[in-house]
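Undergrad: Here you go, one structure.
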Amino acid sequence: MELKIKHPLSKREIREIIREMGEIFGEDMGRELLGKKDRVELAEFDKTTDILLVNGRPTFIKRGGLVFPLVIALYELSNTENLRNWKRRVVVDAGAVPFILKGADVMAAGITDADESIKEGDFVFVVEEDYGRPLAIGVALMDGRAMKEKPRGKAVKVIHHAKDRMWEVTVGQR
């Protein structure tokens with residue numbers, strides 16, 4: 001599957017994404033993902049999801065007005081950054097990894113750490129505890145504190161994970 005470019009983003013739209021990433025991850029980390037001079041294009045993935053290409057490379061997912069980094073973009077950042085310390089992170093144990101890579105939602109029982117500022121409905125990313133590699137992005141079904149304290153229940157609704165169709169399409173474009 002080839003991504004179809006719909007249109008480039010305006011400078012105002014790019015500034016808004018930079019601002020959002022800065023609010024979510026902190027200004028320094030936001031700048032790691034996107035700069036003011038970067039060329040950003042919108043490509044359609046499916047009817048509900050767009051992919052934002054930064055300088056021709058798939059970097060962000062846009063769904064329902066929300067923008068968040070793709071797993072592949074986070075994976076590349078994990079070579080130099082410890083994602084286990086970032087805001088909006090959910091850290092899972094090794095036992096959860098194979099299930100998440102098959103598309104399962106994240107269960108509270110497999111969570112070893114989470115950003116306590118996470119609120120229900122926030123976009124979050126899931127990393128494994130041993131190496132800090134990103135596995136998935138999703139929507140929080142409970143707040144960060146509850147993720148750490150509750151022994152059961154779904155904590156994150158996974159919308160994109162390593163090895164899924166979106167991963168295959170975006171890895172081929174990088």
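The values are calculated or read from the model by the stated rules, or taken from the named source; none is laboratory data. Quick caveat, the model's predicted, so the values are computed rather than measured. Neighbour counts run over all protein chains shown; Cβ positions are idealised from the backbone, glycine included. Note: accessible area is taken over every heavy atom of the protein model, side chains too, but ligands, DNA and RNA are not part of it. Shrake-Rupley method; radii C 1.70, N 1.55, O 1.52, S 1.80 Å.
Undergrad: Multiply the residue separation of Arg152 and His7 by 0.36 nm, subtract the distance between their alpha-carbon atoms, and state the gained length in nm to one decimal.
TA: 47.9 nm
Undergrad: Taking the chain as a Gaussian network, where each spring joins two C-alpha atoms under 10 Å apart, which residue of Gly132, Gly110, Gly64 fluctuates the most?
TA: Answer for the Gaussian network model of the chain: Gly64.
Undergrad: Same structure, new question: Using Cα centres only, tell me the gap between segment 111-167 and segment 11-45 in whole Å.
TA: Centre-to-centre (Cα) distance: 22 Å.
Undergrad: Calculate the dipole size of the chain relative to its Cα centre from +1 charges on Lys and Arg beta carbons and -1 charges on Asp and Glu beta carbons; express the result in debye to the nearest 20.
TA: I would put it at about 440 debye.
Undergrad: Here is a follow-up. When the Kirkwood hydrodynamic radius is evaluated over all pairs of different C-alpha atoms of segment 23-125, what value in angstrom, to one decimal, is obtained?
TA: Answer for segment 23-125: a Kirkwood hydrodynamic radius of 15.0 Å.
Undergrad: Pull up all non-local amide H partners of Ala155: gap of 5 or more, or a different chain, and H-to-H distance under 5 Å with H placed in the peptide plane.
TA: Here the answer is Val106, Met107, Ala108, since their amide H atoms fall under 5 Å of that of Ala155.
Undergrad: OK, next. Counting only heavy atoms of protein chains, what accessible area per residue, in Å², does the chain have with a probe of 1.4 Å?
TA: So the chain comes to 51 Å² accessible per residue, rounded to a whole number.
Undergrad: Beyond 14 Å, what share of the Cα-Cα pairs of segment 1-69 is found? Please give it as a whole percent.
TA: 55
Undergrad: Helix-only mean residue ellipticity at 222 nm, the chain, DSSP H runs n ≥ 4 weighted -39,500 (n - 2.57), per residue, nearest 500. What is it?
TA: Estimated from H runs of four or more residues: -7500 deg cm²/dmol.
Undergrad: Further question on the same structure: Provide the per-residue ³J(HN,Hα) series for segment 36-52, in order, calculated from phi with Karplus coefficients 6.51, -1.76, 1.60 and θ = phi - 60°, each as a whole number of Hz, with x at glycine and proline positions.
TA: Residue by residue, segment 36-52 yields 4, 8, 5, 8, 10, 10, 9, 10, 7, 9, 8, 5, 10, 10, 10, 10, 9 Hz.
Undergrad: I've got another one for you. State the label only: which of (i) 19.4; (ii) 17.0; (iii) 16.1 corresponds to Kirkwood radius over Cα pairs in Å computed from the shown model?
TA: Recomputing Kirkwood radius over Cα pairs in Å here picks out (iii).
Undergrad: So, one more: Suppose every Lys and Arg Cβ carries +1 and every Asp and Glu Cβ carries -1, with no other charges. What dipole size does segment 1-59 come out with about its Cα centre, to the nearest 20 debye?
TA: 320
Undergrad: Give the span of segment 100-156's Cα atoms along each principal axis, as three whole-Å numbers ordered largest to smallest.
TA: Principal-axis extents of the Cα atoms in segment 100-156, largest first: 22, 19, 19 Å.
Undergrad: Hey, another quick one. Using 0.36 nm per residue of separation minus the Cα-Cα distance, give me the extension gain between Lys37 and Arg165 in nm, one decimal.
TA: 43.1 nm
Undergrad: Then there is this: For each pair in Lys4/Lys87; Lys6/Lys154; Lys36/Lys87; Lys37/Lys87; Lys4/Lys119, compute the distance between the two Cα atoms and list the pairs where it is over 30 Å.
TA: Violating the 30 Å Cα-Cα cut-off are Lys4/Lys87; Lys6/Lys154; Lys4/Lys119.
Undergrad: Of Gly26, Asn85, Pro8, which is farthest along the charge dipole of the chain in the positive direction, counting Lys and Arg as +1 and Asp and Glu as -1 at C-beta?
TA: Farthest towards the positive end: Pro8.
Undergrad: So, with a 1.4 angstrom probe, what is the percent of accessible area on the chain that is carbon and sulfur?
TA: 48
Undergrad: For segment 53-109, go through all pairs of different Cα atoms, get the mean of 1/r, take its inverse, and jot down that Kirkwood value in Å.
TA: 13.3
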